[in-house]
Structure formats: C-alpha cells, structure tokens
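Read through the structure below, which is laid out as structure tokens, and then see the notes.
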Amino acid sequence: MNLQITYGHQEQEPEADVILTFVTEQELQADAETGLALHPQLDDGLRQLYARGVYRAKPEETYVLPTLGLLPSPFVVYIGLSSEITAEKLRLAGAAAARAVQPLKAVHIRVLLPQLLVEGAEQYGTATAAQALSEGLILGTDSRQAIRREAKEGPGLGSVTIIPNDAAGAEIAAAWEEGIRRGQVYAEAVCYARELTNRPGNLLTPEQLAEEAEQLGAELDIECEVLDEWSAAEQGMGGLLGVGQGSSNPPRMIVLHYEGAPDDPTVWGWIGKGITFDTGGISLKKAAGMEEMISDMGGAAAVLGAMRIVGKLRPAVNIVAVIPAAENMPSDRALKPGDVITTMSGRTVEVVNTDAEGRLVLADGLTTAIQRGATHLVDVATLTGAVMVALGDVATGAISNNPELMGKVRDAGERSGEKVWELPSYAPYRKQLDSDAADMKNTGGRLAGTITGGLFIGTFAEERPWVHLDIGGTAWLSRSRGWESKGATGVMVRTLAELTSPSN
Ligand code: BES
Ligand code: MN
Ligand code: ZN
C-alpha cells in the first residue's frame with residue numbers, strides 16, 4: 001500500500017483523474033438553496049438522478065458521473081454523507097469512495113472538502129475527522145495481493161489531495177495535516193498486519209514471523225528479543241513447546257520492549273496469538289476451509305501492527321509486546337489428547353483437545369509479559385470458532401477480570417470503529433476447566449466455548465488487570481465490508497494503538 005495523502009493545493013500536483021465530492025440528501029432536494037456548486041450542469045444532472053430515485057445520497061452510496069469536458073478531470077464521484085457526521089461515518093465514506101474510484105483506474109484523486117466537514121469540526125475534532133477520512137481512503141484501497149507469476153494490476157491509486165471548498169484558516173489546515181499523518185500511520189499499520197495475516201503458512205513460519213518482528217524492531221528502534229526452542233525450554237515454556245513439538249518448524253517466543261515513559265509504573269503487556277498455521281494437531285480439523293487457518297496469527301499481526309504505530313508516533317507509555325509463535329501440526333512427536341504439560345507459570349494442563357492450542361501458547365505469553373514487567377494485560381487471539389456463533393464476523397468478543405481496563409478497551413474500540421463486546425465471566429464457567437489429571441484442562445466442552453477459553457487464559461494473568469480479545473470471527477472476512485478487506489482485516493491494530501492515546 002503506497003497511497004500518499006496531502007492537504008491543500010500542491011505544487012506540481014498532477015491533474016486529478018477523479019474529483020471526489022461529498023453530498024447530503026438535503027443538498028439534492030429540489031428546493032435546496034445551498035450545496036453542490038461543482039458545475040451547474042453536473043449539479044443539475046445529479047439533482048435529476050435524485051428526483052428519479054436513482055441516487056439517494058445515502059451514507060456510503062456513491063455515484064460516478066463522467067464530466068464530458070465540463071471539468072478538467074474526466075470523472076466526478078459523489079459520495080453520500082448524512083449531516084450527522086461522526087469519525088466512523090467519515091471512515092466508511094472514505095472507504096466507499098476508495099472502492100468507487102477503483103474501477104476508474106484512477107492514480108490521482110482530488111477530494112473536495114465540504115464546508116460541513118470543516119465547520120462542524122467542533123463536535124468531533126478536525127484532526128479526528130482528517131484521521132478517519134484518511135484511514136478510510138487507505139483501508140478501502142487495500143486488498144490481498146495474490147502471489148502470481150506476473151502482476152495483474154496497473155499502478156493503482158497513488159495520491160490524494162484533500163482540498164477545502166472554501167479557504168480554511170491556518171489552524172484548521174494544521175489540524176488536517178496532523179490528522180492525515182496519523183491516519184496514514186494507523187492505516188498503513190493495519191495494511192501491514194493484513195499482509196502478514198494473508199501470508200500463507202509455508203511462507204510465514206514461526207521463525208519467519210520472528211524475523212519480521214526483528215526487522216520491525218530495527219526499523220523503528222524498538223528492542224526485540226527472540227527466544228528459540230532451546231531458550232524457551234530453559235525458561236520452562238511447556239505450553240509453547242508442547243504446541244510447537246509436532247512441527248519441524250520450531251516455535252519462537254518473540255518479545256518487543258518499548259519504553260516511552262521510564263518513570264511511569266504502568267507497563268502494558270500486549271500478547272498476540274501467533275499460530276502460523278493451525279491444523280488442529282492430532283485433534284485434526286476438517287479439511288473444508290482449513291486454508292483459512294493461515295490467519296491464526298491474526299492476534300500476533302494486530303500486536304505487531306500496533307507496535308508499528310507506537311514506533312512511529314512514540315507515545316509516552318511502556319509496552320512489552322509478546323508473541324508466542326508456533327505451528328500446530330499432527331505428527332509422531334505431536335501433543336496427544338490426555339498429555340499433561342507444565343506451563344511456564346508452573347501450572348499443569350491436561351490437553352484434552354490439541355486444537356485448543358492458542359490458550360496453551362498464550363499462557364506462556366502472559367507469564368513472559370509479566371516476568372518482563374507488564375502490569376496491565378491485553379491479549380488478542382483468534383481463539384475460538386464459538387465466538388463466531390455468538391457475535392458473527394461483526395464484533396470481537398471480550399473477557400476481562402477488570403471493569404476499568406475493560407472500559408478503556410471498549411472506549412478505544414469505539415474511537416477506532418472496531419466493535420468489541422464483553423461476554424460475562426461468571427465464576428461457574430471456570431469450573432468447566434476442572435481436571436482430574438492436572439491443575440486444569442484446556443477445554444471446557446461445547447458450552448460457552450469463548451468464555452471458558454478466555455477464562456483459561458485469564459488464569460495466567462495472576463490477578464493483574466486483563467482483557468482478552470477473541471478475534472476468531474473478526475480477523476478474517478469472506479467478503480469486503482466498509483473499510484475492511486476480504487481475507488485478513490487487521491482488526492484490533494488501531495484499537496490497541498488507541499489504548500496509548502492520552503485520552504485514555
Ligand atoms: N484457531 C482456532 C479458532 C478458530 C476457528 C478461529 C475458526 C477462527 C475460525 C482455535 O485454535 C481452535 O481450534 N479452537 C477450538 C477450540 C475447541 C477445541 C475448544 C474451536 O473453536 O473449535
Ligand atoms: Mn486450534
Ligand atoms: Zn488456533
């Protein structure tokens with residue numbers, strides 16, 4: 001993804017292939033006195049389409065008009081906007097616009113900013129609006145790139161200039177520039193997470209995921225520590241090693257250390273599930289759809305994406321980011337149902353189902369984060385299929401032991417437009433994990449699978465404030481939607497990053 005967004009007229013700005021402009025329903029009504037004014041004939045044409053019910057200017061509804069020589073740009077794309085503007089509506093509008101210009105093979109587009117967006121800025125903040133619109137434009141342009149013998153596509157959308165309809169003051173211009181910059185950093189990090197997640201299992205083994213983290217650390221000046229299988233054994237990481245032992249691609253424990261507030265006792269622990277492929281192990285998954293399990297490192301990608309934002313924006317917080325990475329394979333060496341393993345925390349686990357592997361590696365992930373000083377824990381994991389039954393592919397399921405931290409994650413999700421829904425963690429659920437063979441077993445049966453999976457992980461939080469985010473339904477989509485792409489979505493990158501914003 002290489003889309004550059006700028007504000008204001010640029011020297012040497014290329015002629016736009018497309019003029020993008022916002023339109024509200026009110027502006028299209030026959031008696032409307034304000035609005036439009038792009039060109040009298042085009043305005044009239046659009047009003048006629050509205051009058052005939054062809055174009056209603058509903059939110060995210062777009063319409064392409066060829067300008068037939070009336071304007072220097074060959075096309076105008078109108079994008080519907082409701083007059084009640086929020087950051088999320090702008091993000092969705094940006095993505096809808098990006099998708100609408102794609103078939104036109106536009107390389108440079110110009111976005112005309114209506115007065116409504118600049119004027120109404122007080123309710124949602126000018127920089128927030130700029131960020132949201134930029135995120136939408138970039139995320140809506142991004143999609144999975146197949147690995148092919150020959151590239152299929154042309155250059156694609158390269159640059160966007162955002163131009164206010166009426167000259168805006170220097171303060172507003174500065175806010176737009178700041179918001180665009182943040183939006184660009186946020187969205188590019190999501191694209192990075194999506195690309196990692198879309199990468200096939202043969203091209204992204206635990207070792208290769210560790211190399212990616214090392215490269216990210218080197219690029220952004222963040223310390224990166226990688227434990228190989230021998231160091232992991234020294235540290236007693238029985239969960240990580242148990243899951244990884246079935247594969248000839250050995251596991252890795254990846255740790256990134258970011259210290260932006262040395263005097264602050266708060267240290268975030270972000271732990272991302274990094275199963276580079278999940279066959280289920282000896283409790284083998286069915287064949288249909290198993291290829292989607294390349295996305296079982298979506299939590300790891302979310303954490304790396306969020307660390308990319310942190311590395312670029314350098315907020316005054318401390319973070320220990322941990323990625324337990326392993327490949328879950330069946331083999332003569334693999335874990336078997338009934339095996340008892342000892343985790344890094346000393347707790348023993350009866351493995352009744354080798355397909356409940358995420359919680360085993362995350363157990364050691366949480367212990368690693370705590371050992372390295374984390375005080376507040378957030379784990380992100382494609383943990384259960386059950387979360388899809390409960391919340392579909394719409395919302396990420398959350399489990400927590402701390403209402404205050406849960407509230408912060410919920411607020412961060414709201415700001416980023418990523419839906420997070422808390423599930424209850426009543427005490428009786430925990431009993432489903434009781435084992436006759438060990439301290440606990442790794443599955444609680446069919447009932448409330450997302451909750452018991454979360455509670456298993458929570459045991460390893462050692463009473464520290466903790467939130468578990470189950471992205472089993474949201475990390476991967478079978479079709480694109482709003483600013484999310486088909487395949488990997490990069491969900492939770494922006495929510496995690498928002499946790500570090502000063503408003504939290
Ligand atoms: N990675 C899967 C969960 C998953 C499945 C996410 C499908 C997204 C789509 C996880 O490791 C798993 O297999 N979970 C089991 C748990 C069960 C054995 C308790 C599941 O959900 O079936
Ligand atoms: Mn599994
Ligand atoms: Zn899994």
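Trypsin sites (Lys or Arg not before Pro), restricted to the stretch 281-333: which are DSSP loop and have at most 14 other Cβ atoms within 10 Å?
Lys286, Arg333
Pop the C-beta distance of Gln4 and Ala288 into the FRET formula with R0 = 51 Å and round what comes out to the nearest 0.05.
0.75
Based on the Cα atoms of the stretch 256-316, what semi-axes does the equivalent ellipsoid have, where each is the square root of 5 times one gyration tensor eigenvalue, given in whole Å with the largest first?
For the stretch 256-316, the semi-axes come out at 34, 12, 6 Å.
Beyond 17 Å, what share of the Cα-Cα pairs of the stretch 348-432 is found? Please give it as a whole percent. Don't skip to the end; give the middle numbers.
Details: 2135 of 3570 pairs.
Of all Cα-Cα distances in the stretch 348-432, 60 percent exceed 17 Å.
For Lys105, give me every one of the aspartates and glutamates with a C-alpha distance below 17 angstrom, ignoring sequence neighbours fewer than eight places off in its own chain.
Glu15, Asp17, Asp142, Glu153
Listed highest first by mean packing, meaning other Cβ atoms within 10 Å per residue, what order do 108-117, 5-14 come in?
108-117, 5-14
Let me test this: with uniform point scatterers at the alpha carbons of the stretch 283-435, what is the Debye-based log₁₀ I(q)/I(0) at q = 0.08, 0.10, 0.15, 0.21 1/Å?
Result of the Debye calculation: -0.27, -0.43, -1.01, -1.83.
Treating only the Cβ atoms of Lys and Arg (+1) and Asp and Glu (-1) as charged, compute the dipole magnitude of the chain about its Cα centre; round to the nearest 20 debye.
1320 debye
Please report Rg (one decimal) and Dmax (integer) in Å for the Cα set of the stretch 349-504.
15.3, 48
Determine the gain in length on full extension of the stretch Ser478-Thr86; use 0.36 nm per residue of separation and subtract their C-alpha separation, reporting nm with one decimal. Let's see the in-between values first.
On the way: separation 392, 0.36 × 392 = 141.12 nm, distance 2.70 nm.
Going from the current span to full extension adds 138.4 nm.
Scanning the chain for helices, which whole DSSP H stretches are 30 Å or more long along the axis (Cα) and average -0.5 or more by Kyte-Doolittle?
Helices meeting the criterion: 170-198.
For Lys441, which lysines qualify as cross-link partners when the Cα separation must be under 28 Å and same-chain residues fewer than eight apart are set aside?
Partners within reach: Lys273, Lys285, Lys286, Lys336, Lys431.
For the ranges 156-163, 230-237, what's the packing order if you count other beta-carbon atoms within 10 Å of each residue, average per peptide, and put the highest first?
Details: 156-163: 19.9, 230-237: 15.8.
Packing proxy ranking, top to bottom: 156-163, 230-237.
Using only Cα atoms, what Kirkwood radius does the chain have, in angstroms?
For the chain, inverting the mean 1/r across all distinct Cα pairs yields 23.8 Å.
If R₀ is 22 angstrom, what is the calculated FRET efficiency for the pair Glu150 and Val64, using the beta carbon separation as r and rounding to 0.05?
0.15
Find, to one decimal place in angstroms, the Kirkwood hydrodynamic radius of the stretch 77-227, where the mean of 1/r is taken over every pair of different Cα atoms and then inverted. Intermediate values should be presented prior to the final figure.
On the way: mean 1/r = 0.0574 Å⁻¹.
When all Cα pairs of the stretch 77-227 are included, the Kirkwood radius is 17.4 Å.
What value, in deg cm²/dmol to 500, does the helix sum -39500 (n - 2.57) over DSSP H runs of n ≥ 4 give at 222 nm once divided by the residues of the chain? Write out the running numbers ahead of the final one.
Details: 17 runs with 184 residues, N = 504.
Rounded to the nearest 500, the figure is -11000 deg cm²/dmol.
Rolling a 1.4 Å sphere over the protein heavy atoms, what is the accessible area per residue of the chain, to the nearest Å²? Display every interim value, and only then the final one.
Numbers: 20940 Å² over 504 residues.
With all protein chains present, the chain gives 42 Å² per residue.
Over the stretch 1-122, what percent of the accessible surface lies on carbon and sulfur atoms, probe 1.4 Å?
Accessible surface attributable to carbon and sulfur in the stretch 1-122 totals 51 percent.
Please give, to one decimal in nm, the separation of the simple spin-label points placed at Ser231 and Asp332, each 7 Å out from Cα toward the Cβ.
Going from the Ser231 label point to the Asp332 one covers 3.1 nm.
Quick check on packing: order 425-431, 456-462 by the mean number of other C-beta atoms within 10 Å, highest mean leading. Let's see the in-between values first.
On the way: 425-431: 12.4, 456-462: 22.4.
Ranked by mean Cβ neighbours within 10 Å, highest first: 456-462, 425-431.
How far, in nm, would the chain grow between Arg446 and Glu462 when pulled straight, counting 0.36 nm per residue and subtracting the alpha carbon separation?
Full extension from Arg446 to Glu462 adds 3.2 nm.
For the stretch 406-500, with all protein chains present and a 1.4 Å probe, just round the carbon and sulfur fraction of the accessible area to a whole percent.
49 percent
The values are calculated or read from the model by the stated rules, or taken from the named source; none is laboratory data. Note that the structure is a prediction, hence the values are computed from the model and not measured. Cβ: placed from backbone, ideal geometry, glycine included. Neighbour counts: every protein chain shown. Note: accessible area is taken over every heavy atom of the protein model, side chains too, but ligands, DNA and RNA are not part of it. Shrake-Rupley method; radii C 1.70, N 1.55, O 1.52, S 1.80 Å.
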